[in-house]
Every structure is written in C-alpha cells, then in structure tokens.
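Read the structure below first, then the notes.
The values are calculated or read from the model by the stated rules, or taken from the named source; none is laboratory data. Everything numeric here is computed off the predicted structure, so don't read it as measured data. As a convention, Cβ positions derive from the backbone with ideal geometry for all residues, glycine included, and neighbour counts pool all protein chains shown.
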Amino acid sequence: MPWVNVELCNGCGTCVEECPVGAIELTADGFAEIDEAECIRCGRCHDACPQQAVRHDGERTPQDVAENLRWVRKLLGHFKRPEDQSAFMDRMVRFFNKQKKVSERTLAAIAGAAAGYESEPAHNLCRNELGIVSIFPTTHRGRPRLDGKPNTITGRYRREMLDQFPKKTYGQRWQVETAFSMLKRLLGSALRTRKPYAINREIILRVLTINLMIVLHLITCFQQSRTITYLVNTLISLRFK
Ligand code: SF4
Ligand code: SF4
C-alpha cells in the first residue's frame, strides 16, 4: 500500500491526475491522501510523483510498529488490576500471532508457482485449504549431504512434484510471463483509464492492439523478405527481444 510522506508532498496534484481509480485526493492542508480501500496498488502515483513523496509500504514499517504499540498501550489503560493487564497482554500476543499467520499463509497462497516459495506447507495450504492445484518445481535445498548425494525430499506433495512434475503445464507460466513482458514493453506498463468498466475495455483493446501489431509486423517483414525463415526469425525476435 503506497503512502504519502507529507514532509515531501507539495500538493501539485500529479498523483491525483495519474491515479486510475480516483483513490487520491488533496486534503484541506494541501497534501495528497490515499484512500486505502479504493487503491488498487498499481504504483502509478509512486512513479509519477515529482517529489518522491509517494513511498513504498515497507518504508513505513517503523511507523506501523509504533502505531501498534500506541494502540496496545491505549487499550491496556482500561485495565487496572495486574492480572487483568496480564490477561489482556496474552490476548494481544495471540492477536498479533494470528495476524502473522494470516500474512504468512496469504503470502504462500499468492506466491503461486515461484520456486523460491516451494515448501510442503505451501502445497498443503493451496491443495487442502484453498482448492488450488499447486505446481512448484521441487528444489534440493539445505546443507548438502556429506556423501555428496542430494538431500532427501520430505513431504507428500514435494515428492509428487519431484516424480511427476508437469513440465508442460508449468511451461505455460513462461508463455504467460513472456506475453505480459512483451505487452508491457511495447505498450507501456500502466493503464490510462480510471473506472473499472473502462479498465476492462482498455485491457481488451491492448490485447487486440498487440495482436494486430504482431500481424502487421509479420506482413511487413514478409513483403520485405518473402522467405519463411526470415518471417519465423522476426516473430521470435519480436516475442523474446
Ligand atoms: S504528486 Fe507527489 S508532490 Fe504532488 S500531490 Fe502527489 S504526493 Fe504530493
Ligand atoms: S495510483 Fe495506483 S497505487 Fe497510487 S493510489 Fe491510485 S490506485 Fe493506489
């Protein structure tokens, strides 16, 4: 979630103009303010701000911790007896532990097929709780064995991935990433529209445009070269450049 450092913001309004969903407005004090509920985390305000006043979420960690501590202290003030205070603190520990668990599980779920997140708990969460068929390439991580052989793979799903890794299905991931990368490189990485229905239309238009660009490029190259080999090479260079 991006946030605005008001010490850097000069109220120029560029981010307000750039936000595709109208999630930013200028306050009466003349600073930009982001509506957390409306923000779709596209990052355009961050890229557009001439003052670098829109900051990444991670940079706010110390402030978030301080805010949590202020909140806990405020609630603690309602309890006078030491045993009540102690019981309250136990409850807060349980609360923050639960928040941590929710974050970890969410991260595991959205990590998808990235090999860096490969683990048995991630498989379990996807398959047994979320109904997602997880496909992670199994990695032999950890300290190597003294005899030089690969580490033993533990866990039902990790072993399954080792024995029956669906290379063809996993390969589709690279195709999708290549298509996204080509689209972003040729047509830019940000959408210009703001309203949800317009965003959908712009995405469809971009997909049609990129396909038209490919076809036109092929026709031009074919007219110039008139050889199939050149045509194929051009297509490959357009996709993987
Ligand atoms: S673009 Fe930057 S400086 Fe301008 S209003 Fe937005 S946050 Fe403030
Ligand atoms: S520009 Fe994107 S990241 Fe910034 S507030 Fe708007 S929706 Fe959120």
Going through region 55-75 in order, the residues found to be away from ligand 1 (no atom under 16 Å from the Cβ) and of a type in the set (D, E) are D64, E67
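Just wondering, is there one or more residues in region 37-52 that are over 23 Å from L191 (Cβ atoms) and either assigned to a loop (DSSP other than H, G, I, E, B) or modelled with pLDDT under 90 (or both)? Reasoning before the result, please.
Step one: filter region 37-52 for residues over 23 Å from L191 (Cβ atoms), giving 51.
Now restrict to residues that are either assigned to a loop (DSSP other than H, G, I, E, B) or modelled with pLDDT under 90 (or both): 51.
Yes - at least one qualifying residue is present in region 37-52.
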Inspect region 25-33 for any residue being away from ligand 2 (no atom under 14 Å from the Cβ), acidic (D, E), without any contact (Cβ under 8 Å) to a residue 60 or more places away in the chain and exposed (fewer than 11 other Cβ atoms within 10 Å of the Cβ) and give the result as yes or no.
yes
Scanning region 37-54 for residues that are more than 15 Å from ligand 1 (Cβ to nearest atom) and of a type in the set (D, E, K, R), the one surrounded by the most Cβ atoms within 10 Å (Cβ to Cβ) turns out to be E38
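Here's the yes/no breakdown for (1) in contact with a strand residue (DSSP E or B) (Cβ under 6 Å, 6 or more places away or on another chain); (2) in the same structural domain as R127 (by TED's automatic domain parsing); (3) of a type in the set (S, T, N, Q):
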| residue | (1), (2), (3) |
| --- | --- |
| D47 | no, no, no |
| V72 | no, yes, no |
| L75 | no, yes, no |
| P82 | no, yes, no |
| R94 | no, yes, no |
| T106 | no, yes, yes |
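Scan region 27-36 residue by residue and report those that are within 13 Å of ligand 1 (Cβ to nearest atom) and of a type in the set (A, V, I, L, M, F, W, C). I'd like the intermediate steps shown before the answer.
Just the residues of region 27-36 that are within 13 Å of ligand 1 (Cβ to nearest atom), to begin with: 27, 29-34.
Matches in region 27-36: F31, A32, I34.
Residues checked against (1) assigned by TED's automatic domain parsing to the domain that holds A23; (2) acidic (D, E); (3) within 30 Å of C15 (Cβ to Cβ); (4) at pLDDT below 80:
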| residue | (1), (2), (3), (4) |
| --- | --- |
| N128 | no, no, no, no |
| D147 | no, yes, no, yes |
| T152 | no, no, no, yes |
| I203 | no, no, yes, no |
| R226 | no, no, no, yes |
P82 meets each of (1) at pLDDT 90 or above; (2) within 16 Å of ligand 2 (Cβ to nearest atom); (3) loosely packed, with under 10 Cβ neighbours inside 10 Å with one exception, condition (2)
Residue pairs qualifying under the 6 Å Cβ cut-off, at least six apart or on distinct chains, with the first in region 35-61 being within 12 Å of ligand 2 (Cβ to nearest atom) and the second being assigned to a helix (DSSP H, G or I) and among the basic types (K, R), are none
Within region 6-15, restricting to residues that are within 14 Å of ligand 2 (Cβ to nearest atom) and either under 21 Å from E59 (Cβ atoms) or acidic (D, E) (or both), the one that is nearest to the chain's Cα centre (by Cα) is C15
Note: among G188, G112, just one is closer than 29 Å to V21 by Cβ, of a type in the set (G, A, S), at pLDDT below 85 and surrounded by fewer than 12 Cβ atoms within 10 Å (Cβ to Cβ), namely G188
